[in-house]
Amino acid sequence: MPSLDAPSKPVPAPPAFRIAINGYGRIGRCYLRALHEAGLSAHFRVVAINEPADLASIAYLTRFDSTHGRFPGSVDCTEDALIIDDQTIAVSHAHTPEEVDWAALAIDLVVECSGQYGSRGELARFIRSGCPRLLLSHPGNGADDVDATVVFGINHAQLAGREGLVSNASCTTNAVVPVLDLLHREIGIEQALLTTLHSAMNDQPLIDGYHHTDLRRTRSAMQSIIPVSTGLARGVERLLPALAGRVKAKAIRVPTHNVSAIDMVLTLSRDIEPGALNRLLRNAAHERYRGLIAYSDEAHASIDFNHDPHSAIVDGGQTQHIGPRMVNLLVWFDNEWGFANRMVDVTRHWLGITTRGSDATGSN
């Protein structure tokens with residue numbers, strides 16, 4: 001019989017889930033960096049990146065980021081791999097899903113950040129090419145094009161581990177849905193008009209050019225405030241069906257590089273005093289919606305929320321009442337970093353509930 005004082009054998013850690021990133025632009029790079037900054041290498045390892053750009057540029061833009069600063073670790077490259085803190089990430093330069101042998105890479109999850117695929121037929125090409133699961137950094141073209149559209153903290157628990165195609169919705173949907181969910185639960189919402197003031201994006205040119213079929217997006221991103229189309233209302237109603245038919249939305253691109261805002265005009269179902277509304281929003285940041293909603297009533301500019309991981313930051317100093325039931329809120333969000341962190345949260349939850357095993361769970 002072994003001695004009671006004998007040291008127990010160490011329990012081996014479960015193998016890390018193997019993740020690939022398809023499309024290594026703004027969100028792809030933020031996703032990798034969010035995993036790195038969260039210290040999740042014991043559970044999730046990025047083993048492959050597919051990006052048409054050359055490897056020297058990939059390494060350079062990983063190391064130096066004009067918006068989020070230098071990468072907090074070592075970055076190097078070989079002829080066919082990116083090296084992050086001595087971890088080797090194979091890099092391919094394919095233009096289609098079929099050109100990558102995902103099965104040979106033994107991938108557990110592909111994070112689709114190229115934004116080029118939205119229909120079920122297009123997305124199924126990844127599954128047929130050996131990807132067991134695909135997490136989109138954008139909405140599917142329609143509700144039936146993916147197995148689930150998830151906003152972490154709202155409906156992520158619906159994932160059962162059997163899904164193959166999951167959308168992380170949009171950055172704006174992730175910002176607005178937790179706030180609307182809170183207010184509809186606690187007070188009730190009759191109507192909502194949402195105006196997104198969104199930083200410029202890479203589908204806009206720096207100077208006028210033939211960049212888009214939407215003629216407004218052919219105009220210089222840095223010289224104008226530009227109205228654009230948005231599917232935000234559909235996204236909200238998909239996640240919060242109780243608000244179907246009650247939400248309208250518009251979007252305006254503004255000449256900043258990052259951090260966006262949503263101006264929300266709401267008609268509530270019952271009267272609420274001005275101070276009570278802000279108290280409700282402040283308390284939510286520390287309770288049910290902790291990690292998703294933050295609250296501040298200091299004098300802010302958008303740059304204050306660069307690299308902020310929350311989905312939404314309510315600016316309590318901008319709350320206004322127009323009678324007892326109509327209110328106006330201003331909500332800030334880092335449209336890159338907040339969204340990338342929610343993708344990490346969905347990754348942790350989705351893979352953490354599979355039979356392979358990992359003790360990682362959602363952080364919120």
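Which of these values of Rg/Rh (Cα atoms, Kirkwood Rh) was calculated from the structure shown: (i) 0.99; (ii) 1.02; (iii) 1.04?
Here Rg/Rh (Cα atoms, Kirkwood Rh) agrees with entry (i).
When E336, E190, E79, E287 are ordered from fewest to most other Cβ atoms inside 10 Å of their Cβ, what list results? Mind dumping the intermediate values first?
Numbers: E336 26, E190 15, E79 6, E287 10.
Starting with the residue having the fewest Cβ neighbours, the order is E79, E287, E190, E336.
Specify whether the C-alpha gyration tensor of region 172-335 places it in the rounded, prolate or oblate class, a ≥ b ≥ c being the square roots of the eigenvalues: rounded for a/c under 1.5, otherwise prolate if a/b is larger than b/c and oblate if not.
Cα axes put region 172-335 in the prolate bin.
If we count other beta carbons within 10 Å of each Cβ, what is the order of S167, S74, fewest first?
S74, S167
Taking +1 at the Cβ of each Lys and Arg and -1 at the Cβ of each Asp and Glu, which of T96, A124, T149 sits farthest along the dipole of region 33-157 towards its positive end, judged by Cα position relative to the Cα centre?
So the residue we want is T149.
Among S229, A53, A244, which residue has its Cα positioned farthest towards the positive end of the charge dipole of the chain, with +1 placed on the Cβ of Lys and Arg, -1 on the Cβ of Asp and Glu, and the dipole taken about the Cα centre?
A244
What is the magnitude of the charge dipole of region 1-154 about its Cα centre, with +1 placed on the Cβ of each Lys and Arg, -1 on the Cβ of each Asp and Glu, and no other charges, expressed in debye to the nearest 20?
320
With a ≥ b ≥ c taken as the square roots of the eigenvalues of the C-alpha gyration tensor of region 17-146, please select rounded if a/c is under 1.5 and otherwise prolate if a/b is larger than b/c or oblate if it is not?
Since a/c reaches 1.5 and a/b is larger than b/c, the shape of region 17-146 is classed as prolate.
Which whole-number percent is the relative contact order of the chain (Cα, under 8 Å, 6+ apart)?
Numbers: 736 pairs, mean separation 53.4, N = 364.
Relative contact order for the chain comes out at 15 percent.
I want to verify a result. In a Gaussian network model of the chain, Cα cutoff 10 Å, which of these has the top mean-square fluctuation: I207, I27, I226?
Highest fluctuation among the options: I207.
For region 29-106, with only Lys/Arg (+1) and Asp/Glu (-1) charged at the beta-carbon, what is the dipole magnitude about the Cα centre, in debye rounded to 20?
I would put it at about 400 debye.
Using the crude model of +1 on Lys and Arg Cβ and -1 on Asp and Glu Cβ, and no other charge, please compute the dipole size for the chain relative to its Cα centre, in debye to 20.
The calculated dipole for the chain is roughly 780 debye.
Among S220, S66, S199, determine the one that fluctuates most according to a GNM of the chain built with springs between C-alpha atoms less than 10 Å apart.
So, out of S220, S66, S199, the one fluctuating most is S66.
Any chance you could check the Cα centroid distance between region 222-290 and region 12-54 for me, in angstrom?
Region 222-290 and region 12-54 have Cα centres separated by 30 Å.
Any read-out appearing in this document is the output of simple, stated calculations on the displayed coordinates, not a laboratory observation. Every value quoted in this text rests on a predicted model; they were computed, and no experiment measured them. Reconstructed Cβ throughout: ideal geometry from the backbone, glycine too, with neighbour counts over all protein chains shown.
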